[in-house]
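As structure tokens, the structure follows; a few thoughts come after it.
Just so you know, all these numbers are worked out from the coordinates, no wet-lab data involved. Quantities reported herein were computed from a predicted structural model and do not represent experimental measurements. Cβ: placed from backbone, ideal geometry, glycine included. Neighbour counts: every protein chain shown.
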Amino acid sequence: MIRQVEIARICRAEWGRLLAALIRDLGDFDLAEEALQEAFASALEAWRDGVPKNARGWLYKAARHDAIDRLRRTARFAGKKAELAAQPLPRVPSPEELYEETAVPDERLRLIFTCCHPALAPEAQVALTLRTLCGLATEEIARAFLVPVPTMAQRLVRAKTKIRTAGIPYVVPEAKDLPERLGQVMAVLYLVFNEGHSASRGAALVRDDVCAEAIRLARLVRELLREPVPELDGLLALMLLHDSRRRARMDPAGNLVLLGDQDRSLWDPAEIEEGRALLREALGRGPAGPYALEAAIAAVHADAARAEDTDWAQIAGLYDLLHALHPSPVVALNRAVAVAMGQGAAAGLPLVDALEDELAGYHLWHATRADLLRRLGRRFEAAAAYRRARELSGNEIERRFLDRRLTEVQDRLQSAPAGGRAEHK
């Protein structure tokens, strides 16, 4: 069991780097992914006496050998063999070299730009990068996009097919081509960070490794560009400001702690300061884009020493600007929360209810509505909304939080005097 947990940890940490290197070697997304999955399966048997000194190198070599074996067993081998002969594969490190941490080339930035090629549909660009670079399951990506799993699976298949048939190059674009590609790269990084910051599935609320990967890649892209890009600065600021709260988002028992209840002394001051500095740079170079506006909202939260000091009117105004630039039902939902926090639940509930047609399948819409109904004393309706939110949530920690809220509402319903009105909270 311990070995399985350790291998799962290595998979999360190394998947993107290993897959990117294998795609560079093999020129085939599916073959690289199949071979890497087989390498991890082999590790379960081969590492009975412990994890090797350089697990990354072991997995890289095992996956590469498995891919070659697969090619030999298929009708594709003749054509692929000629192709590989024409373009020799990078040299495989020797067994001794595989013990070095740098033995496996870091091709993740190249992979991002390949996945974000303009020949691919925008939604496919983001989905493919989340799948290949971060190893997110198709179910997790579908949840991020609020689409059915079969729909997302088809997007991924079509994207890989397009890369193969169109001969999309596996390269970092030249400087002159970077601007048109940068928008989708930023969208990818944004969704990668969101998945890490609030994991859609599993037992962890925050996936630290995914957050760190998104921040690292944002820094890499920022360094690659010759001229400052305000929105990229805004995106990195947004990530840092949100990531600064990571240690306060769960209590010692592993329970979710809402923003208003967090111990703000646990927020990371270095990340907050760096985020603020990047935001100032972004706002100083021109009108704020969507990422800079989201960073500005996070900065307002960081400016409040106590939850009750939060300037909710300013936050609602920033969401108005964000919605004008980037209309989205989720943005509208967040604005409704800001209105409810600043003006009361009665002011926010109609704004939330107006989004039902667009967000009825989104667990946070039901959770938000449940909270407002609870605060208004409408506990029968609140209980139903909490149940639905719980059904739709794929994260265990979120479900535990919703269970606690549901229990509180039900307990108050049972203790209310017959025929009496429950008190408003």
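Observations
- Between helix 363-375 and the chain there is an angle of about 20 degrees, using the helix long axis and the longest principal axis of the Cα atoms.
- In order through segment 397-406: 3J(HN,Hα) via Karplus (6.51 cos²θ - 1.76 cosθ + 1.60), integer Hz, x for Gly, Pro: 5, 4, 5, 5, 4, 5, 4, 5, 5, 4
- In Hz, Karplus ³J(HN,Hα) per residue of segment 12-19 (6.51, -1.76, 1.60; θ = phi - 60°; x = Gly, Pro): 5, 6, 10, 3, x, 5, 5, 5
- For segment 339-379 versus segment 276-297, the inter-centroid distance based on Cα atoms is 29 Å.
- Nearest 10 degrees, 0 to 90: helix 208-224 Cα axis against the chain principal axis: 70
- Longest exposed-site-free window of the chain, the sites being GluC sites (Glu not before Pro) in a DSSP loop that have at most 16 other C-beta atoms within 10 Å: 175-422
- Overall form of segment 228-304 per C-alpha gyration tensor (a/c, 1.5; a/b vs b/c): prolate
- Residues 250, 239, 186 arranged by fewest to most Cβ contacts within 10 Å: 250, 186, 239
- Summed side-chain charge close to residue 155 - residues other than residue 155 whose Cβ falls under 11 Å, Lys, Arg +1, Asp, Glu -1: +3
- Global size of the chain as Cα Rg and Dmax, reported in angstrom: 23.9, 84
- If the convex hull is drawn through the Cα atoms of segment 183-321, its volume per residue in Å³: 112
- Angle between the chain longest axis and helix 55-72 axis [Cα atoms, degrees, rounded to 10]: 60
- Set of aspartates and glutamates near residue 162 by C-alpha distance (under 17 Å), chain-local residues within fewer than 8 positions excluded: 28, 30, 33, 123
- Size of charge dipole - the chain - debye, nearest 20, with Cβ of Lys, Arg +1 and Asp, Glu -1, no other charges: 920
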